[in-house]
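Enquirer: After the structure tokens below, expect a handful of questions from me.
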Amino acid sequence: MKILSYIGISLAGLLAGAVMGALGGLLLGWFLALGFHKHGPSDPGDAPAYVAFGLMLVGACLGAIAGVVVGIIYSVRLAHREGG
């Protein structure tokens, strides 16, 4: 039944990484949007929102990958320590 705890650790790492990556991407996009100035009528006014949303999605994906990798490494080390 220890396998379920290792799967839980990996899933918690995935979720925590995705949330932290999404927040980091959103904050970076928001910071970049503060310096946005329209350059003319053909320049879309909602471009900063698209950039922030894109950075949030990329951050969530990269954070989820990093979180699951860290969770798996932690689970393997924990299993190795308990197994002898």
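Residue by residue, here is whether (1) modelled with pLDDT under 90; (2) among the hydrophobic types (A, V, I, L, M, F, W, C); (3) assigned to a helix (DSSP H, G or I) holds:
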| residue | (1), (2), (3) |
| --- | --- |
| K38 | yes, no, no |
| P44 | yes, no, no |
| Y50 | yes, no, yes |
| G54 | no, no, yes |
| G59 | no, no, yes |
| G63 | no, no, yes |
| V68 | no, yes, yes |
| I73 | no, yes, yes |
| A79 | yes, yes, yes |
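Enquirer: How many residues are of a type in the set (D, E, K, R) and farther than 30 Å from I7 by Cβ when one looks only at segment 33-84?
Expert: If we filter segment 33-84 for residues that are of a type in the set (D, E, K, R), which is where we start, we get 38, 43, 46, 77, 81-82.
With farther than 30 Å from I7 by Cβ added as a condition, the list becomes 38, 43, 46.
Qualifying residue count for the region: 3.
Enquirer: Within the set of pairs 6+ apart or on separate chains, which have a first residue in segment 58-81 that is surrounded by 14 or more Cβ atoms within 10 Å (Cβ to Cβ), a second that is assigned to a helix (DSSP H, G or I) and among the charged types (D, E, K, R), and C-beta atoms under 9 Å apart?
Expert: L78/K2
Enquirer: Exactly one condition in (1) assigned to a helix (DSSP H, G or I); (2) of a type in the set (A, V, I, L, M, F, W, C); (3) modelled with pLDDT under 90; (4) over 22 Å from the mean Cα position of the chain (by Cα) is not met by A33; state its number.
Expert: Here A33 clears every test but (4).
Enquirer: Could you list all residues from segment 36-52 that are surrounded by 13 or more Cβ atoms within 10 Å (Cβ to Cβ) and either among the β-branched types (V, I, T) or within 22 Å of the chain's Cα centre (by Cα) (or both)? Walk me through it before giving the result.
Expert: Looking only at segment 36-52, we keep the residues that are surrounded by 13 or more Cβ atoms within 10 Å (Cβ to Cβ), and these are 36, 48-49, 51-52.
Result: P48, A49, V51, A52.
Enquirer: Specify the residue that is farthest from A64 (Cα to Cα); the eligible residues are those in segment 1-32 that are hydrophobic (A, V, I, L, M, F, W, C) and buried (at least 16 other Cβ atoms within 10 Å of the Cβ).
Expert: Across segment 1-32, the extreme among qualifying residues is L28.
The values are calculated or read from the model by the stated rules, or taken from the named source; none is laboratory data. Remember, it's a predicted structure, so these values are computed and weren't measured experimentally. Cβ atoms come from the backbone with ideal geometry, glycine included; neighbour counts cover every protein chain shown.
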